[in-house]
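Chemist: Structure provided below as structure tokens; questions to follow.
The values are calculated or read from the model by the stated rules, or taken from the named source; none is laboratory data. Nothing here was measured: the structure is a model prediction, and the numbers come from that model. Heads up, the Cβs are rebuilt from the backbone with ideal geometry, glycines too, and the neighbour counts pull from every protein chain shown.
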Amino acid sequence: MSLKGTILAVDDEPDILVAIEDLFEDEYRVLTCSKPSDALDLLRAEPDLAVIISDQRMPGMTGDALLAEARAFHDAQAILLSGYADMSAVIAALNKGGIIGYVTKPWDAVLLRATVRNAYERHRLARDLATERALLRGLLNHSGDAISFKDAEGRLVRLNALKAAQLGQEAADCIGYPEREFRDEASGKAVERADAAAIASAAPSEVIVSEGPVGVERWSNITRVPIRGNSGAVEHLATIERDITEQKVLEARLRQSDKMQALGTLAGGIAHDFNNLLTAILGSLELAGPKIADQPRVKRLIDNATGAAQRGSALTKRLLSFSRSGELRLRNVDVNALIEGMSDLFGRSLGGLVSVRTSLQAGLPQACVDPDQLELAILNLCINARDAMPDGGTITLTTRAESIRGDTDLRDGDYAILTVADEGTGIPPELLERVCEPFFTTKAVGQGTGLGLAMVFGLAQQAKGLLRITSEVGIGTRVELALPQSGEPATGDVAAAAGGGPALAAGPARILVVDDDEDVRHVTASFLSGFGYDETEASDGASALAMMERAEFDLVVADLAMPGMSGIEFAAEVRQRFSDIPVLILTGHAEAMPIPDDLPVLAKPFDSADLARCVSTLLSA
């Protein structure tokens, strides 16, 4: 494509065409035609042609008719040449052909050059203006942002369909009106103040605002750009509103995820330390029991303290289930027994305004589920039900067995169905489909994480079950959790698998107890001594290994989390250097570090029977 502008000369006299070409060839690319019909064909082939210079009197078609026909499909500027003072032809060319001027023959070269130059500049400016309009129209129509332009008085002069839709109008119906006309009084005044401040500052500004109720609000990033006129004063204001709701939700999820990870780590650490304390407390109480068997009043106090410590152990397990981030541990669970065992927890967690009623189907088959996570899920559902009844009410827990066939959301099979129903405010339909989204909550900041129902949903998915929620505003909400029934007998923990009651030593054995907590170490050693074993204590792995170099032992009982050398590292050293000596790991937080599958583990707090069974099993092996 030529870098020069292109002009077209049309005349039936060859000498005139030669003269025009000589006059303009240094400055423009010059095309010539002697027939009007050929000129029209050339114009169709040359969309970038800028100026047409046409004679008026030509055979077959006059100049004004040619220019009128060209104007219908081409944007070239037109100049009429005439050797006659035919004003009627000039007027016709002005009206129909859109000419910007005419030059008489013989022409003044300076005048003709100036006329063509002016026509070329008009064409270039018209093209630039059309490009700017097309770009603006494309930006307005296809932008994902809501864009508007206002005059200095705040009246809308241009806006795209997205902005108009926000105002509940068609774009054409908004032109000439201030934005406040289409908003409520409060938001209209807020927009007016922000626009006025941006115009007064004469500098671009950016602000993030939110609209709508908490939990379902829409966030926008609004940029205001004052536009100066030729005088230098601000004459218009452009506003660009970008919806950043998804970005804000993702940021909130990230912050919430970080917070929950920190809370999980904290919960795990607290659970570990608390389990050590409970091991010492429960162990000491059990050791003290036989010594006050003839003192019923003291024994009652010991029993009360033991019960309280055991409830503390149950709370610690819940902390651990909260901090656990791995896959579910599916086991066969008696759902009815689990619910009945939560009665004390309901009383402490739900407050006095609500009551919990249960209707549990007798003989309910066991469900295949993680019991810790199921307990946490039930507690979450009950807390949600309580929050939906600020004035109090009844939470109803029911269980039933059901054979489900033909459900599109659940595979055919036999299920244990757990239902939690309340008499609360209910959930609006527009929120019901979102309540299981992670971090979605309608509660005030600090009053909910938005993870409760997401956790229950995840539990149902991983257990190959189903969570179903029905609700009616003002009536209440009903949550059903379907869990697959288990056709196999329940499996217990390693400690319980040995079966039977506390076992005394079947024969002499030397056992090394390794624990950095002196109280726990003393209780463990006292239990072993009571069984009839010969026990020795060590406070860390290094000193224990040194003892094993000097003396023979039949079994080592070691804590998992110890400074310097963990129980796992210690067990690996023992297996390498003393391969025939078994190691039993004691832990208050099994998730603190990976434990090899072939390493026996006993969870703290434990009683003497648990320890006796594990020790007896390992020594027998």
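Chemist: Tell me, yes or no, whether region 375-385 has at least one residue that is over 17 Å from Leu453 (Cα atoms), at pLDDT 85 or above and assigned by TED's automatic domain parsing to the domain that holds Glu472. Show your work before the answer.
Modeler: As a first pass, look at region 375-385 and keep what is over 17 Å from Leu453 (Cα atoms): none.
Within region 375-385 (the criterion being over 17 Å from Leu453 (Cα atoms), at pLDDT 85 or above and assigned by TED's automatic domain parsing to the domain that holds Glu472), the answer is no, since none of the residues qualifies.
Let's see how each residue does on (1) over 23 Å from Glu211 (Cβ atoms); (2) at pLDDT 85 or above; (3) among the polar types (S, T, N, Q):
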{"position": "Glu121", "(1), (2), (3)": "yes, yes, no"}
{"position": "Leu125", "(1), (2), (3)": "yes, yes, no"}
{"position": "Ala130", "(1), (2), (3)": "yes, no, no"}
{"position": "Ala134", "(1), (2), (3)": "yes, no, no"}
{"position": "Glu153", "(1), (2), (3)": "yes, yes, no"}
{"position": "Ala171", "(1), (2), (3)": "no, yes, no"}
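Chemist: Assigned by TED's automatic domain parsing to the domain that holds Ala19, modelled with pLDDT under 90 and of a type in the set (A, V, I, L, M): does that describe Val116?
Modeler: Spelling it out, it is not the case that Val116 is assigned by TED's automatic domain parsing to the domain that holds Ala19, modelled with pLDDT under 90 and of a type in the set (A, V, I, L, M).
Chemist: Among the charged types (D, E, K, R) and within 16 Å of Val191 (Cα to Cα), is that true of Arg180? Spell out how you get there, then give the answer.
Modeler: Values: among the charged types (D, E, K, R): yes; within 16 Å of Val191 (Cα to Cα): yes.
Yes, satisfied.
Chemist: Give me the pairs: first residue in region 608-621 and in the same structural domain as Ile585 (by TED's automatic domain parsing), second residue surrounded by fewer than 18 Cβ atoms within 10 Å (Cβ to Cβ) and polar (S, T, N, Q), beta-carbon distance under 8 Å, and six or more apart or on different chains, which are they?
Modeler: Going by the 8 Å Cβ cut-off, there are no qualifying pairs.
Chemist: Same structure again: Pairs only if they're at least six apart or on different chains, beta carbon under 7 angstrom, first in region 151-174 and without any contact (Cβ under 8 Å) to a residue 12 or more places away in the chain, second in a helix (DSSP H, G or I) and crowded, with 19+ Cβ neighbours inside 10 Å; list them, first residue then second.
Modeler: Filtered contacts from region 151-174: Ala164/Ala171; Ala164/Cys174; Glu170/Ala164.
Chemist: Just to be sure, is Thr419 closer than 19 Å to Thr358 by Cα, of a type in the set (Ser, Thr, Tyr), surrounded by 18 or more Cβ atoms within 10 Å (Cβ to Cβ) and in contact (Cβ under 8 Å) with a residue 60 or more places away in the chain? Outline the logic, then answer.
Modeler: Values: closer than 19 Å to Thr358 by Cα: yes; of a type in the set (Ser, Thr, Tyr): yes; surrounded by 18 or more Cβ atoms within 10 Å (Cβ to Cβ): no; in contact (Cβ under 8 Å) with a residue 60 or more places away in the chain: yes.
So Thr419 fails the test.
Chemist: Still on this structure: Return the residue satisfying two criteria in turn: it lies in region 209-240 and is under 20 Å from Ala164 (Cα atoms) and either among the hydrophobic types (A, V, I, L, M, F, W, C) or outside the structural domain of Leu162 (by TED's automatic domain parsing) (or both), and of such residues it is nearest to the chain's Cα centre (by Cα).
Modeler: Trp219
Chemist: From Ala126, Ala196, Ala238, Ala146, grab the single residue that is in contact (Cβ under 8 Å) with a residue 40 or more places away in the chain and under 30 Å from Gly5 (Cα atoms). Please lay out each step first, then the result.
Modeler: On the way: Ala196 fails: under 30 Å from Gly5 (Cα atoms); Ala238 fails: under 30 Å from Gly5 (Cα atoms); Ala146 fails: under 30 Å from Gly5 (Cα atoms).
The match here is Ala126.
Chemist: What tally of residues in region 180-228 results from selecting those that are among the acidic types (Asp, Glu) and under 25 Å from Glu430 (Cα atoms)?
Modeler: Within region 180-228, residues that are among the acidic types (Asp, Glu) and under 25 Å from Glu430 (Cα atoms) number 3.
Chemist: Check region 4-25 and report whether any residue there is in contact with a His (Cβ under 6 Å, 6 or more places away or on another chain), part of a helix (DSSP H, G or I), closer than 18 Å to Val116 by Cα and not polar (S, T, N, Q).
Modeler: Checking region 4-25: not a single residue is in contact with a His (Cβ under 6 Å, 6 or more places away or on another chain), part of a helix (DSSP H, G or I), closer than 18 Å to Val116 by Cα and not polar (S, T, N, Q).
Chemist: Which one of these is out of contact with any strand residue (DSSP E or B) (no Cβ under 6 Å at 6 or more places or on another chain) and either in a loop (DSSP other than H, G, I, E, B) or at pLDDT 75 or above (or both): Arg242, Arg329, Arg318, Arg253?
Modeler: Arg329
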